[in-house]
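To start, the structure under review is shown below, and the notes come after it.
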Amino acid sequence: MQREVDQYISQFKEGYFSPLALMARLTEEAGELAREVNHAYGEKPKKPDEKDNSIALELGDLLFILICFANSLGIDLTKAHDDVMHKFNTRDANRWTRIDGEEGEG
């Protein structure tokens, strides 16, 4: 995904936005996701004239911006994911109650 996004962005002279602009975009997209979740699962129905977005599309927008952010900073998201999963599988290994019936520690 990072290569595909980089190929797309690389065709434009402007390139990636600055980290601050990407952070603002990420926050903006998170707000749009929150709005869709609120419409789907909260007490706030959509107005009749509101466009029909979906949680999936908003997650896709967030993923695209997150990939742009990582690419612009030279961060390998596969490595970042692997590092985070290692952290969860070690530090939090016994934190939650497992489906197989083993109790977590807290």
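The values are calculated or read from the model by the stated rules, or taken from the named source; none is laboratory data. It should be emphasised that the depicted structure is a prediction, and the values quoted were computed from it without experimental measurement. Neighbour counts are summed over all protein chains in view; Cβ atoms, including those assigned to glycine, are modelled from backbone coordinates with ideal geometry. Surface accessibility is based on the protein's heavy atoms, side chains included, excluding ligands, DNA and RNA. Shrake-Rupley method; radii C 1.70, N 1.55, O 1.52, S 1.80 Å.
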Restrict the check to region 89-102 and report whether at least one residue is open to solvent by 40 Å² or more (accessible area, probe 1.4 Å), assigned to a helix (DSSP H, G or I) and in contact (Cβ under 8 Å) with a residue 12 or more places away in the chain.
-> no
Any idea which of (1) open to solvent by 90 Å² or more (accessible area, probe 1.4 Å); (2) modelled with pLDDT of 90 or more; (3) not in a helix (DSSP H, G or I) is the one residue 75 doesn't satisfy?
-> (1)
For the subset of region 44-61 comprising residues that are open to solvent by less than 90 Å² (accessible area, probe 1.4 Å) and modelled with pLDDT under 80, which member is nearest to residue 32 (Cα to Cα)?
-> 53
Kindly establish whether residue 53 is without any contact (Cβ under 8 Å) to a residue 24 or more places away in the chain, part of a loop (DSSP other than H, G, I, E, B), within 17 Å of residue 25 (Cβ to Cβ) and more than 15 Å from the chain's Cα centre (by Cα).
-> yes
Would you pick out the residues in region 13-26 that are surrounded by 12 or more Cβ atoms within 10 Å (Cβ to Cβ) and part of a helix (DSSP H, G or I)?
-> 21, 22, 23, 24, 25, 26
Evaluate region 80-87: report whether one residue or more is hydrophobic (A, V, I, L, M, F, W, C) and either surrounded by 13 or more Cβ atoms within 10 Å (Cβ to Cβ) or touching a Pro at 6+ places or on another chain (Cβ under 8 Å) (or both).
-> no
Could you give every pair whose Cβ atoms fall below 8 Å, whose first residue belongs to region 14-40 and is modelled with pLDDT under 95, and whose second residue is among the polar types (S, T, N, Q), counting only separations of at least 6 or pairs across chains?
-> 32/53; 36/53; 36/54
